[in-house]
1. Dipole of the chain (Lys/Arg Cβ +1, Asp/Glu Cβ -1, origin at the Cα centre): which of Gln11, Ser42, Trp69 lies farthest to the positive side?
2. At a threshold of 8 angstrom on Cα-Cα distance, excluding pairs fewer than six apart, so keeping six or more, what relative contact order does the chain reach in percent?
3. For the chain, what is the calculated [θ] at 222 nm in deg cm²/dmol (nearest 500), taking -39500 (n - 2.57) for each run of four or more DSSP H residues and dividing by its residue count?
4. Given a Förster distance of 41 angstrom, what is the FRET efficiency for Tyr15 paired with Arg95, based on the Cβ-Cβ distance and rounded to 0.05?
5. For Glu37 and Lys24, calculate 0.36 nm times their separation in residues minus their Cα-Cα distance, and state this gained length in nm to one decimal.
6. What share of all Cα pairs of the chain, in percent, falls into each consecutive 10 Å distance bin?
7. Binning at 5 Å from 0, report for the range 1-54 what percent of all alpha-carbon pair distances ends up in each bin.
8. How large a share of the accessible area of the chain, in percent, is made up of carbon and sulfur atoms when the probe is 1.4 Å and the other protein chains stay in place?
Amino acid sequence: MLDTSEIDWIQAEDYYAAIYALGKRYLIRESLVSLEERLDPSSFVRVHRSAIVALDRVRELRSTALGEWMVVLRDGTRVPVSRRRREQVAEVIRRAGS
């Protein structure tokens with residue numbers, strides 16, 4: 001079992017969720033919806049229908065030349081942010097950085 005403080009981000013993969021933590025990838029048979037319900041919203045944010053990130057791992061929110069948005073994690077990982085969630089994600093990241 002992983003402690004939530006060890007999680008960098010989580011990605012949906014078909015019927016599984018890939019948890020990225022401690023430099024490794026752990027695959028579990030659970031939906032992102034289920035994980036999101038159990039994670040502390042002051043520590044994690046859903047950035048895309050297929051991704052959740054740990055707020056303390058976020059280095060920046062960046063836009064691309066094509067107008068797409070992504071969260072860049074401290075380790076350099078880039079996680080896409082959906083248009084629908086962009087404003088909410090930006091607000092949550094701003095509050096977490098305060």
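The values are calculated or read from the model by the stated rules, or taken from the named source; none is laboratory data. Note that the structure is predicted; figures quoted are calculated from it, not measured. Methodologically, a virtual Cβ is constructed for each residue, glycine included, from the backbone with ideal geometry; neighbour enumeration extends over all protein chains shown. Note: accessible area is taken over every heavy atom of the protein model, side chains too, but ligands, DNA and RNA are not part of it. Shrake-Rupley method; radii C 1.70, N 1.55, O 1.52, S 1.80 Å.
1. Toward the positive end, the furthest listed residue is Trp69.
2. On the way: 155 pairs, mean separation 19.2, N = 98.
Relative contact order of the chain: 20 percent.
3. Result for the chain, helices only: -5500 deg cm²/dmol.
4. 0.80
5. Computed gain between Glu37 and Lys24 is 2.4 nm.
6. 16, 53, 28, 3
7. The calculated distribution, bin by bin, is 5, 22, 37, 28, 9, 0.
8. Taking all protein chains in place, the chain shows 47 percent carbon and sulfur surface.
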